[in-house]
Amino acid sequence: MVRHISGLTINLKAKYRMKYAVIAAGQGSRLVSEGISVSKPLIRLNGEMMIERLFRVFLANDAESVSVITNEEMTDVHQFLKQIKLPVPLNVVIKTTPDSLHSFYELSHFLQGEKFCLTTVDTIFTEKEFSSYIRAFKE
């Protein structure tokens, strides 16, 4: 089964495209202690998985590529990432790191030479604010 992020108009010829990266490598220990069995990136909020929402928002904001790091224990996330189809390159790193700085380092070679946006999987923002931020960053 292949999953597509649907309902998007993507400008693949945008003058300034952006590289995006997601750190989704935490242990989710607080969620596990609350009885949540799915990994944090796959938790649905308002009917949409957290990581899928990020992909959709990135694509709507002129994504050139999307890179993701997950830890080695998140097999459900690995399966999801194998099935997803994006209209831009999707780079996946599966590696357990001691902290976010080390995760960023593991993603850094995908982010060379251009402006990029790095976020965690559980960042909270409105899509309008995010788009404004990206537009300002491109200037």
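Tell me, yes or no, whether segment 125-137 has at least one residue that is in a loop (DSSP other than H, G, I, E, B), of a type in the set (A, V, I, L, M), touching a residue at least 24 places away in the same chain (Cβ under 8 Å) and over 13 Å from residue 23 (Cα atoms).
No: zero hits.
Return the residues of segment 1-51 that are out of contact with any strand residue (DSSP E or B) (no Cβ under 6 Å at 6 or more places or on another chain), among the charged types (D, E, K, R) and either surrounded by fewer than 18 Cβ atoms within 10 Å (Cβ to Cβ) or modelled with pLDDT under 90 (or both); say none if nothing qualifies.
Correct list: 13, 15, 30, 34, 44, 48.
Are there any pairs, at least 6 apart or on different chains, whose C-beta atoms fall under 9 Å, with the first in segment 98-110 and touching a residue at least 40 places away in the same chain (Cβ under 8 Å) and the second surrounded by fewer than 15 Cβ atoms within 10 Å (Cβ to Cβ) and not in a helix (DSSP H, G or I), and if so, which?
What qualifies is 103/95; 110/89.
Is it true that residue 102 is more than 11 Å from the chain's Cα centre (by Cα), surrounded by fewer than 18 Cβ atoms within 10 Å (Cβ to Cβ) and either under 28 Å from residue 137 (Cα atoms) or of a type in the set (Asp, Glu) (or both)? Outline the logic, then answer.
Details: more than 11 Å from the chain's Cα centre (by Cα): yes; surrounded by fewer than 18 Cβ atoms within 10 Å (Cβ to Cβ): yes; either under 28 Å from residue 137 (Cα atoms) or of a type in the set (Asp, Glu) (or both): yes.
The answer is yes for residue 102.
The values are calculated or read from the model by the stated rules, or taken from the named source; none is laboratory data. Since the model is a prediction, treat every value here as computed from it, not as a measurement. FYI the Cβ positions are ideal-geometry reconstructions off the backbone, even for glycines, and counts take in every protein chain you see.
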